[in-house]
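Everything on this sheet refers to the single structure shown next.
The values are calculated or read from the model by the stated rules, or taken from the named source; none is laboratory data. All of these numbers come straight from a predicted model, not from anything done at the bench. Positions of Cβ are backbone-derived with ideal geometry, glycine not excepted, and every protein chain shown enters the neighbour counts. All accessible areas refer to the heavy atoms of the entire protein, side chains included, with ligands and DNA or RNA removed. Shrake-Rupley method; radii C 1.70, N 1.55, O 1.52, S 1.80 Å.
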Protein chains: 2
Amino acid sequence: MSARPGDRRLLVRDLAQLVTPAAASAPARGADLGHVDIIEDAFVLCEGEAIVRVGPMHELGTVDGEVEELDGRGRCAIPGLVDCHTHACFAGDRVSEFALRAAGATYEELHARGGGIMATVTATRAATEDELLQAVERHRGWMLRAGTTTFEAKSGYGLDRETELTSLRAVKAAGGVATWLGAHAVPPEFPDADAYLDFALREVLPAAAELADAADVFVERGAFDSDQARRFLTACGAAGLALRLHGDQFTELGAVGLAIELGATSIDHLEATGDDGVRALAESRVTAVLLPASALFLSRPMPPARKLVDAGAAVALATDFNPGSAFCESLPLVCSLAATQLKLSPAEALVACTLNAAHVLGCADTVGRLAPGYRADAVLLDVPDWRYLAYHLGGPIVGDVVLAGERAELR
Amino acid sequence: MSARPGDRRLLVRDLAQLVTPAAASAPARGADLGHVDIIEDAFVLCEGEAIVRVGPMHELGTVDGEVEELDGRGRCAIPGLVDCHTHACFAGDRVSEFALRAAGATYEELHARGGGIMATVTATRAATEDELLQAVERHRGWMLRAGTTTFEAKSGYGLDRETELTSLRAVKAAGGVATWLGAHAVPPEFPDADAYLDFALREVLPAAAELADAADVFVERGAFDSDQARRFLTACGAAGLALRLHGDQFTELGAVGLAIELGATSIDHLEATGDDGVRALAESRVTAVLLPASALFLSRPMPPARKLVDAGAAVALATDFNPGSAFCESLPLVCSLAATQLKLSPAEALVACTLNAAHVLGCADTVGRLAPGYRADAVLLDVPDWRYLAYHLGGPIVGDVVLAGERAELR
């Protein structure tokens with residue numbers, strides 16, 4: 001990104017710390033995952049939507065002309081957070097199901113009892129396009145308040161042509177990166193998964209490929225098996241979409257091998273992944289997207305994050321925000337869980353939900369770092385040390401968010 | 001509490017739901033723990049610092065005279081939350097230790113390496129009385145933002161006469177309920193725990209008993225054993241203090257039996273409590289205070305909450321807010337953890353951190369319920385269903401807080 005003459009300018013000055021992942025043309029792996037650059041007593045200068053300079057205050061010099069200033073004293077700047085896995089386009093909620101699960105019912109039991117994904121499909125199909133857009137924008141406001149400046153959101157609660165395409169349009173209209181989760185579940189009007197895929201690939205894919213950046217599939221018992229996922233993703237890849245998979249959430253069904261075979265961008269979840277899967281991912285170019293808030297929400301085992309990082313895999317973190325298995329849009333909370341449950345350092349967690357998440361979304365050339373040429377997206381934390389991002393569990397740490405060079409209004 | 005003529009009045013009207021624990025002269029147990037009264041389309045009328053009426057809108061009638069109104073549409077009211085276990089009086093932080101632990105060091109290893117409680121003792125001893133008061137008030141502001149209107153805070157980061165008494169004064173000056181945690185750790189200037197207790201009981205207890213409502217002791221390897229705890233608490237009880245214990249956090253050392261023997265108000269932590277301890281507590285009048293944010297923060301097993309409730313024990317929930325093992329002041333987050341990790345229903349969680357927590361603090365006649373005669377402390381949740389308190393993990397759900405009949409300014 002470059003600035004143009006006459007662009008408005010914003011100077012964030014006197015920051016206690018500025019922290020950014022180092023430059024990388026690919027997702028950071030192994031020891032590089034924890035590599036961040038830290039500038040004490042720092043500034044960020046933005047012109048228009050872009051960052052034009054960052055550095056220590058003693059290098060700032062005189063800034064000529066009109067410039068809005070934001071006081072960074074007692075604050076730390078990190079890049080705007082990037083949430084690369086959400087299901088933010090839905091209507092209704094699943095709070096009653098949540099209360100039942102607290103009383104002992106399992107996710108699979110609730111699913112079998114007509115709760116689960118299909119309850120949200122019913123509510124989402126019943127919503128108008130305007131209602132869905134309002135829902136995504138409301139969720140997007142929550143994310144922004146938690147420091148997320150770039151978000152992905154999937155369809156997958158429509159599972160008919162109209163609602164799937166409406167969902168993708170709503171995500172794009174709210175400024176998100178849209179993923180067609182055309183293979184989320186098999187809706188009841190189809191006799192089986194294969195019949196549903198016949199429909200989805202014939203009737204929905206051509207238009208979905210015009211709207212979405214990527215396609216996604218839920219590989220799981222009761223959803224789609226490995227062969228069905230191969231068929232779905234192969235067709236989506238041929239239509240020009242990047243490929244992603246929900247894999248190994250409850251059971252290992254070959255999703256890791258399939259992701260590698262098809263050159264997928266990411267495989268997400270991995271709570272059930274064993275050592276063979278860890279080794280295979282480490283040797284591949286597929287990014288492992290970990291969702292610890294989902295594991296917490298469902299009281300499931302955590303994914304083998306430390307093993308993946310130590311083996312050299314590319315790891316990203318995301319919220320999995322959705323109404324059933326992770327009603328949580330907060331990446332700072334995810335960073336806390338990464339430190340306490342996944343045994344990632346605060347630096348590893350930060351890189352995983354900025355630089356690496358941006359690579360998953362294909363936008364790492366413009367977001368995920370605080371450096372000249374990047375979009376001016378930053379979170380100003382009201383904390384004395386940037387690692388409070390992970391340390392202050394559930395705390396009110398987000399002071400201000402700068403979005404494309406402007407101070408955002410937080411709701 | 002009763003209103004006086006001429007008191008200012010506040011009417012919260014058109015609430016989607018008003019939820020309150022039912023009346024109870026003792027902590028709720030067993031099936032009663034999940035007993036809440038829910039009024040749809042409700043109001044709360046406050047005069048001065050007290051609630052004078054609650055009910056459905058159709059019973060409101062005309063309210064004569066001057067009254068400030070607060071719009072409750074799209075909101076749910078719950079009682080102001082009561083945090084009955086915090087260590088909110090401290091200086092400094094332990095963010096570096098947190099980052100080390102994320103990299104694999106255990107709590108006990110960090111403690112042995114000079115981190116842990118003594119690091120905070122050093123920082124707290126070095127702070128002035130004014131600095132400590134400012135720290136408690138800052139933490140109290142965070143709590144209020146998360147919906148906590150009544151908080152307890154312990155000393156225990158002084159462990160010398162002056163800092164212990166200064167800490168208790170700071171807690172009271174910030175509006176908290178003060179607990180003298182005179183037996184938190186053995187400071188290095190004493191040869192052993194017994195020598196330290198000689199000093200604490202002789203030099204500190206008489207003045208601490210004037211300031212604090214309760215005394216507390218950490219029963220654990222490396223801190224105080226059961227006999228030392230008995231000696232400490234017996235002296236504190238004779239001085240008129242209520243008795244509390246940190247017990248069974250890492251190891252069962254007889255704290256449950258001691259709590260029952262001494263008629264303690266509460267035993268707190270219980271992550272390591274086995275079935276015998278559960279049974280003994282269920283048959284006793286001691287409240288089990290559970291601290292799931294601490295278990296999460298330290299990546300330790302969760303306490304046996306479901307077993308305790310099902311066996312008929314009185315259970316309360318609290319944050320354990322402190323810089324080392326639970327840097328978390330959010331009771332809504334604790335309610336989420338209660339639902340997902342402890343398998344308590346949202347109603348059980350709410351009663352545990354309102355009514356039952358108020359009983360632990362000895363103030364259940366004035367706080368912990370939304371009912372006439374109680375202090376007008378309420379949280380207005382910006383949610384369509386009050387159970388979002390537990391469901392929306394880390395979400396921005398607290399819209400307004402009413403504190404002693406006035407809308408509080410949230411920082």
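Would you pick out the residues in region B:101-148 that are among the acidic types (Asp, Glu) and farther than 16 Å from B:Leu165 by Cα?
Result: B:Glu108, B:Glu109, B:Glu137.
Please name all residue pairs, on different chains or six or more residues apart, with Cβ atoms under 8 Å, provided the first residue is in region B:99-117 and is under 20 Å from A:Asp385 (Cα atoms) and the second residue is open to solvent by less than 60 Å² (accessible area, probe 1.4 Å) and modelled with pLDDT under 80.
Partner pairs satisfying both residue conditions: B:Leu100/B:Leu110; B:Leu100/B:Gly115; B:Arg101/B:Tyr107; B:Arg101/B:Leu110; B:Gly116/B:Tyr107; B:Gly116/B:Leu110.
Please indicate, with yes or no, whether at least one residue in region B:255-263 is within 14 Å of chain A (Cβ to nearest Cβ), touching a residue at least 12 places away in the same chain (Cβ under 8 Å) and among the aliphatic types (A, V, I, L, M).
No, region B:255-263 contains no residue that is within 14 Å of chain A (Cβ to nearest Cβ), touching a residue at least 12 places away in the same chain (Cβ under 8 Å) and among the aliphatic types (A, V, I, L, M).
Given the options A:Asp248, A:Asp268, A:Asp225, name the one that is open to solvent by 40 Å² or more (accessible area, probe 1.4 Å), at pLDDT 95 or above and in the same structural domain as A:Gly324 (by TED's automatic domain parsing).
A:Asp225
Determine, yes or no, whether B:Asp385 is at pLDDT 95 or above, in the same structural domain as B:Ala26 (by TED's automatic domain parsing) and over 15 Å from B:Gly147 (Cβ atoms). Break it down stepwise before answering.
Numbers: at pLDDT 95 or above: yes; in the same structural domain as B:Ala26 (by TED's automatic domain parsing): yes; over 15 Å from B:Gly147 (Cβ atoms): yes.
When the stated conditions are applied, B:Asp385 passes them.
Within region B:178-193, is there a residue that is in contact (Cβ under 8 Å) with a residue 40 or more places away in the chain and among the charged types (D, E, K, R)? Lay out the reasoning, then the answer.
Looking only at region B:178-193, we keep the residues that are in contact (Cβ under 8 Å) with a residue 40 or more places away in the chain, and these are B:179-185, B:187-188.
Checking which are among the charged types (D, E, K, R) leaves us with none.
No, there is no match, as no residue in region B:178-193 is in contact (Cβ under 8 Å) with a residue 40 or more places away in the chain and among the charged types (D, E, K, R).
Among A:Phe90, A:Phe43, which is assigned by TED's automatic domain parsing to the domain that holds A:Pro323 and buried (at least 16 other Cβ atoms within 10 Å of the Cβ)?
The conditions single out A:Phe90.
Here's the yes/no breakdown for (1) open to solvent by less than 40 Å² (accessible area, probe 1.4 Å); (2) among the hydroxyl-bearing types (Ser, Thr, Tyr):
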position	(1), (2)
A:Leu11	yes, no
A:Leu15	yes, no
A:Pro27	yes, no
A:Asp32	no, no
A:Ile38	no, no
A:Thr62	no, yes
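How about region A:121-179: which of its residues are aromatic (Phe, Trp, Tyr) and within 25 Å of A:Asn356 (Cα to Cα)?
A:Trp142, A:Phe151
Enumerate the helices (runs of 4 or more DSSP H) found wholly within region A:311-411, keeping only those where 1 or more residues are open to solvent by 10 Å² or more (accessible area, probe 1.4 Å) and within 14 Å of chain B (Cβ to nearest Cβ).
A:331-340, A:346-352, A:388-391
Considering region B:285-302 alone, what residues qualify as being open to solvent by less than 10 Å² (accessible area, probe 1.4 Å) and either more than 14 Å from chain A (Cβ to nearest Cβ) or of a type in the set (S, T, N, Q) (or both)?
Within region B:285-302, B:Val286, B:Thr287, B:Ala288, B:Val289, B:Leu290, B:Ser294 meet the criteria.
Which condition number does B:His87 fail, the rest of (1) within 14 Å of chain A (Cβ to nearest Cβ); (2) closer than 27 Å to B:Thr366 by Cα being met?
(1)
Assuming A:Gly373 fulfils every condition listed in (1) out of contact with any Phe, Trp or Tyr (no Cβ under 9 Å at 6 or more places or on another chain); (2) in the same structural domain as A:Gly277 (by TED's automatic domain parsing); (3) at positive phi apart from one, which condition is it?
Among (1) out of contact with any Phe, Trp or Tyr (no Cβ under 9 Å at 6 or more places or on another chain); (2) in the same structural domain as A:Gly277 (by TED's automatic domain parsing); (3) at positive phi, the lone unmet condition for A:Gly373 is (2).
Can you pull out every residue in region A:213-268 that is over 21 Å from the mean Cα position of the chain (by Cα) and in a strand (DSSP E or B)?
Hit for region A:213-268 is A:Phe224, nothing else.
Quick check on region B:296-305. Is at least one of its residues part of a helix (DSSP H, G or I), at pLDDT 95 or above, assigned by TED's automatic domain parsing to the domain that holds B:Leu337 and over 21 Å from the mean Cα position of the chain (by Cα)?
Checked against the condition, which is being part of a helix (DSSP H, G or I), at pLDDT 95 or above, assigned by TED's automatic domain parsing to the domain that holds B:Leu337 and over 21 Å from the mean Cα position of the chain (by Cα), region B:296-305 yields no hits at all.
Within region A:104-150, how many residues are within 12 Å of chain B (Cβ to nearest Cβ), over 24 Å from the mean Cα position of the chain (by Cα) and loosely packed, with under 15 Cβ neighbours inside 10 Å?
Residues in region A:104-150 being within 12 Å of chain B (Cβ to nearest Cβ), over 24 Å from the mean Cα position of the chain (by Cα) and loosely packed, with under 15 Cβ neighbours inside 10 Å: 2 in total.
What pairs come out if I take residues in region B:147-171 that are basic (Lys, Arg) and pair them with residues that are surrounded by 24 or more Cβ atoms within 10 Å (Cβ to Cβ) whose C-beta lies under 6 Å away, six or more apart or interchain?
Hits for this filter: B:Lys154/B:His87; B:Lys154/B:Thr179; B:Lys154/B:Leu181; B:Lys154/B:Asp216.
When you check B:Phe90 against the structure, is it part of a strand (DSSP E or B) and among the aromatic types (Phe, Trp, Tyr), yes or no?
Judged against the criteria, B:Phe90 is not a match.
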